[in-house]
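Have a look at the structure below before the remarks.
The values are calculated or read from the model by the stated rules, or taken from the named source; none is laboratory data. Model, not experiment: these values are computed from the prediction. Note that we place each Cβ from the backbone using ideal geometry, even for glycine, and neighbour counts take in every protein chain shown.
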Amino acid sequence: MMWRGVLCGLLAGAMWGMVFVAPVYLGAFTPLELACGRYIAYGLIAASLMFNRLPALLRRLDRADVVALLKHALAGNIVYYMLLALGVKLAGVAATSLIIGVLPISVTLLGKNDHGSVPLRQLALPLLLVAAGIACINVDVFSHHAATAIPLGQQILGVLCAVGALLCWTWYSVDNARYLKRNPHFSSGEWSTLYGVSSGLIALVIALLALAMFHSDVTGAAAIASGRDWRVFWIANGVLALGASVIGNHLWNVASRSVPVTLSGQLILFETLFALLYGFIYKQQLPRPLEVAAMLLLSVGVLWSLRVHALDQDSEAHAG
């Protein structure tokens, strides 16, 4: 069961890694447009995949399920992405990536008291390797990006936005895993569908409000000439919604049910590794020495953590 969860976590990371290339590919669009486009497409695809069963699924929802779906859709998708985008805009990529890079450790620490979690003292060395890998990534970012004169107040606000994004996804990851384990009346696929529909509805409401308040001519030859080709926008977001959201979130729900929360925190690192890989392919360049060191440290840290959890499960099985 645990190794199936690890495999699903790895594949989810492979899907999620695409998210980091999309903003570069669709650079003419704002983060608000990208977020709304992705999650509206996610909601439509999720609803269409289970169209015949969706009415029955909705009837099975109780009040607690609806509250959980709304909270998770906001924290894990929309608010997280908005805060992340604002952090990048106000404080820069380097500062924001440094803060978001703490996710594996923050998730592990928040879930340290959950059932089946390994004591933190047994994970100290793997976590140190993970921290060293994250440090290598961010030292490389700072070393290879020209410094920009950012006003102190703007930088502080950007850092606060990045911290908010970190807190949002940390809470979502742990709370979603706990909710799935406490409520087995929905399968991982069913919950992923409902999660997608709720995310799509919220994104649609935000998009309609934004359109009403900030309406502008975003169609026609002038928009296409400036790079704002909405056909490409919807195709790219459709691919992203299907791969990263529908398939990726379903795989992550399976992983969340199958592994302790302290291990699921480490599995998030697969997203970082695949994001780096896709970035190298997109830019057609080889990784620099610090990037290679970071990938090796992260990989060894995750594999070491897997071994600690496997040995812990074996000892519990023999004791039982």
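Taking the condition of being among the small types (Gly, Ala, Ser) and touching a Gly at 6+ places or on another chain (Cβ under 6 Å), how many residues in the stretch 35-64 meet it? Within the stretch 35-64, residues that are among the small types (Gly, Ala, Ser) and touching a Gly at 6+ places or on another chain (Cβ under 6 Å) number 3.
Please indicate, with yes or no, whether at least one residue in the stretch 110-130 is surrounded by fewer than 19 Cβ atoms within 10 Å (Cβ to Cβ), under 30 Å from residue 202 (Cα atoms), among the hydrophobic types (A, V, I, L, M, F, W, C) and at pLDDT 70 or above.
Scanning the stretch 110-130, I find at least one residue that is surrounded by fewer than 19 Cβ atoms within 10 Å (Cβ to Cβ), under 30 Å from residue 202 (Cα atoms), among the hydrophobic types (A, V, I, L, M, F, W, C) and at pLDDT 70 or above, so the answer is yes.
If you go through the stretch 27-57 and pick out every residue that is at pLDDT below 85, assigned to a helix (DSSP H, G or I) and not aliphatic (A, V, I, L, M), you end up with 1.
Taken over the stretch 218-240, the criterion of being aliphatic (A, V, I, L, M) and at pLDDT 90 or above is satisfied by 232, 235, 236, 239. Close contacts from the stretch 131-150, counting a first residue that is more than 22 Å from residue 270 (Cα to Cα) and a second that is modelled with pLDDT of 65 or more and small (Gly, Ala, Ser), with Cβ to Cβ under 7 Å and a gap of 6+ residues or different chains, come to 148/92; 150/91; 150/92. Restricting attention to the stretch 266-293, and to residues there that are within 16 Å of the chain's Cα centre (by Cα) and of a type outside the set (A, V, I, L, M), which single residue is surrounded by the fewest Cβ atoms within 10 Å (Cβ to Cβ)? Checking each candidate, the answer is 278. Looking only at the stretch 90-98, decide whether some residue is free of Cβ contacts under 8 Å to residues at least 24 places away in the same chain and in a loop (DSSP other than H, G, I, E, B). The answer is no; no qualifying residue exists.
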